[in-house]
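Laboratory data are not the source of any read-out in this text; all were calculated from the coordinates shown. Since the structure is predicted, the reported quantities are computational estimates derived from the model, not experimental observations. Every residue, glycine as well, gets a Cβ built from its backbone with ideal geometry; the counts of neighbours run over all protein chains shown.
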Number of protein chains: 2
Amino acid sequence: MSFGQTFKALSDPVRREILTLLRSGRMSAGEIGSHFDMTGATISYHLSILKKADLVYESRYKNYIYYELNTSVVEELMAWLSNLKGGTES
Amino acid sequence: MSFGQTFKALSDPVRREILTLLRSGRMSAGEIGSHFDMTGATISYHLSILKKADLVYESRYKNYIYYELNTSVVEELMAWLSNLKGGTES
DNA sequence: CAACTATTTAGAAATATTTCTAAATAGCTG
DNA sequence: CAGCTATTTAGAAATATTTCTAAATAGTTG
């Protein structure tokens, strides 16, 4: 994981909304796409960015691909931010 | 503040390093710039992004401009992330 | 006020991002 | 296996980002 990649992934509103959708559990690419007015190809692009940033992982069942939040990376981000506001120590 | 703007600001390594420098207190634009192998104009550009994202604020003294971390926005970000990993509730 | 120092702004070039359409893959189902 | 459905990949266009150089601003100090 790289913080740059992860923060960049979070900088796009579509991707943040995808993550918010995934709060309530895993969802197939098509189901995610149905929430947006964009082509499936574009959604697939955004999912690939989220996947590269380790913010989601995928699993396959039948011919669906399901995406799920990876909360551990979210925690690493929070730790980085916490350290930032944290202290005066070097 | 917009989360998009703030996460985008954090996605650049130079800007994250500037913020890390500012952990130990406020610093003038020139002093910040001396830590990087880039022109002052480029540093000024990055500082303007951080300022628009409300991650830093500036104050003037003599003909220096000092930059300082704004930790409250960092906390808002952490709250957003915490909510993301938080729960199954809608 | 004239010259100096610190910083920003403007404009341009190189690169990266986001979106689309069209085509490819891949796995399921009759 | 043939066709269907779900999803991704490729390629291209529009837009945004990052960096530089050169010039402008602005405040300080002799």
Kindly provide the set of residues from the stretch B:17-34 that are within 12 Å of DNA strand C (Cβ to nearest atom), without any contact (Cβ under 8 Å) to a residue 24 or more places away in the chain and not in a helix (DSSP H, G or I), ordered by number.
-> B:Ser34
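Working carefully through the options A:Val14, A:Val74, find the one that is of a type in the set (Val, Ile, Thr), under 25 Å from B:Met78 (Cα atoms) and away from DNA strand C (no atom under 16 Å from the Cβ).
Details: A:Val14 fails: away from DNA strand C (no atom under 16 Å from the Cβ).
Testing whether each residue is of a type in the set (Val, Ile, Thr), under 25 Å from B:Met78 (Cα atoms) and away from DNA strand C (no atom under 16 Å from the Cβ) leaves just A:Val74.
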Conditions: (1) touching a residue at least 24 places away in the same chain (Cβ under 8 Å); (2) away from DNA strand D (no atom under 16 Å from the Cβ); (3) not aliphatic (A, V, I, L, M). B:His46 meets all but one. Number of the miss?
-> (2)
Select from the stretch A:49-69 the residues that are aromatic (Phe, Trp, Tyr) and near DNA strand D (Cβ under 10 Å from one of its atoms) and list them in ascending order.
-> A:Tyr61, A:Tyr64, A:Tyr66, A:Tyr67
Filter the stretch A:22-33 for residues that are crowded, with 16+ Cβ neighbours inside 10 Å and within 11 Å of chain B (Cβ to nearest Cβ); the one that is farthest from A:Tyr61 (Cα to Cα) is A:Arg23
Residue in the stretch B:60-67 that is of a type outside the set (Ser, Thr, Tyr) and within 22 Å of B:Ser2 (Cα to Cα) present | no
Residues satisfying the stated conditions in the stretch B:35-52, i.e. of a type outside the set (A, V, I, L, M, F, W, C) and assigned to a helix (DSSP H, G or I) = B:Gly40, B:Thr42, B:Ser44, B:Tyr45, B:His46, B:Ser48, B:Lys51, B:Lys52
